[in-house]
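**Q** Mind looking over this structure? Questions follow.
Values quoted throughout were computed directly from the atomic coordinates according to the rules given, and no laboratory measurement underlies them. None of these values were measured; they are calculated from a predicted model. Methodologically, a virtual Cβ is constructed for each residue, glycine included, from the backbone with ideal geometry; neighbour enumeration extends over all protein chains shown.
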Ligand SMILES: Nc1ncnc2c1ncn2[C@@H]1O[C@H](COP(=O)(O)OP(=O)(O)OP(=O)(O)O)[C@@H](O)[C@H]1O
Ligand SMILES: [Mg+2]
């Protein structure tokens, strides 16, 4: 029997619906349940063939548990190693290299530093910072937001330098990005599942939280939707996320990707609505079953060692060749 486990936090509707859906498919040899975990023995095989992770970003114990599980072949949605390594600023930089439209974005040093950092620790840091160069590049209006955040926390909409410094002073020891504001007419949130399926949801961030998913959207140009779909897939394939939401703000017909590191995306029926909920439950259920039936080895550095093929050290010749090329 291959077990699919769901690991979750406060959410109430998605985890139960997912377990129910998988079990209602009545597939021979597949069974879904909520994960149960206590103390974890290192390298001990995990009883789950697949774990759908909805919470490890908030709970370091779960993240470490999932990495250990991956070592014995558990397929984790999403890859806990990459999720730990990723951040939103890297995402923007990658997108710009991939030809996906993103607003100009700059990374800026923390306003306050973590307690262990003293003046002596900062000798590599330019001081004073060249704020003019940063503002000339990004330009106002702009958004100041964490390089790794969510839930609209510590996001500021700014129109000038004065507003910027007022907001920056409130950002504690967070690492922040400053991003050009998109004057958007349309806004889309897209579920992307299995790096193949995209569900575009018109979204209105100006409405109260529970009404943001637009249930009666106008008709959009097919060309725009096709580009949104293509760009959403490009981003999720490049980042390797099997479950993600990609957000686009559309100005003059150009979809700018502004938030696409959501590996545990909102899937609560009360915010996304019945139809979107149905879609995401169905697609994630099918993806989890597929992964249980046909595990795919992800690109893990040590995978070759576990298969008995120790990674080869580069030969002397190869090293010399490479270094002369530089
Ligand atoms: N560059 C931008 N141009 C226009 N609006 C933006 C931009 N960046 C952020 N916003 C607005 O701020 C909101 C929150 O930003 P963002 O999605 O980046 O943060 P978040 O913390 O991930 O929020 P959430 O969890 O709600 O997605 C967006 O929904 C959008 O309305
Ligand atoms: Mg967002």
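**Q** Sort 219-226, 238-245 by the packing proxy (mean of other Cβ within 10 Å over each peptide's residues), most packed first.
**A** Those peptides, ordered most packed to least, come out 238-245, 219-226.
**Q** With a/c under 1.5 counting as rounded, go ahead and sort the range 2-84 into rounded, prolate or oblate using the C-alpha gyration tensor (a ≥ b ≥ c being the square roots of the eigenvalues; past the cut-off, prolate if a/b is larger than b/c, else oblate).
**A** Judged from the Cα gyration tensor, the range 2-84 comes out oblate (a/c at least 1.5, b/c at or above a/b).
**Q** Tell me, what is the percent relative contact order of the chain, built from C-alpha pairs under 8 Å that lie six or more residues apart?
**A** Relative contact order here is 19 percent.
**Q** At 222 nm, what helix-only mean residue ellipticity would the chain give, in deg cm²/dmol to the nearest 500, using -39500 (n - 2.57) for each DSSP H run of four or more?
**A** Using -39500 (n - 2.57) per qualifying helix, the result is -10000 deg cm²/dmol.
**Q** Something else about it: Can you tell me which of 255-262, 89-96 comes out highest on packing, and rank the rest after it, using the mean Cβ neighbours within 10 Å?
**A** For the peptides 255-262, 89-96, the packing ranking is 255-262, 89-96.
**Q** Sort the following peptides by mean Cβ neighbour count (other Cβ atoms within 10 Å, averaged over residues), highest first: 102-115, 128-141, 167-180.
**A** Output ranking for 102-115, 128-141, 167-180: 167-180, 102-115, 128-141.
**Q** When a footprinting reagent is the concern and you count Cβ atoms within 10 Å, what order do 279, 152 take, fewest first?
**A** 152, 279
**Q** Something else: Run the numbers on the range 182-232 and let me know its relative contact order in percent, using alpha-carbon pairs under 8 Å that are six or more apart.
**A** 28
**Q** Which of 35, 192, 50 moves the most in a Gaussian network model of the chain with Cα springs under 10 Å?
**A** Of 35, 192, 50, the most mobile in the Gaussian network model is 35.
**Q** Assign one of three labels to the chain, namely rounded, prolate or oblate, based on the Cα gyration tensor with a ≥ b ≥ c the square roots of its eigenvalues; rounded applies when a/c is under 1.5, prolate when it is not and a/b is larger than b/c, and oblate otherwise.
**A** oblate
**Q** Now for a different question. Multiply the residue gap between residue 226 and residue 72 by 0.36 nm, knock off their C-alpha separation, and tell me the result in nm, one decimal place.
**A** 51.5 nm is the gain from fully extending residue 226 to residue 72.
**Q** According to the square roots a ≥ b ≥ c of the eigenvalues of the Cα gyration tensor, what is the shape class of the range 104-180, taking rounded for a/c under 1.5, prolate for a/b larger than b/c otherwise, and oblate for the remainder?
**A** It comes out oblate by the Cα gyration axes.
**Q** In addition: Between residue 12 and residue 58, what's the calculated FRET efficiency when r is the beta-carbon distance and R0 is 22 Å? Round to 0.05.
**A** 0.90
**Q** Using 7 Å Cα-to-Cβ label points, what is the residue 270/residue 204 separation (nm, one decimal)?
**A** With each label point 7 Å from Cα toward Cβ, the separation is 2.2 nm.
**Q** How many percent of DSSP beta bridges within the chain run antiparallel, rounded to 5?
**A** Looking only at bridges with both residues in the chain, the antiparallel portion is about 70 percent.
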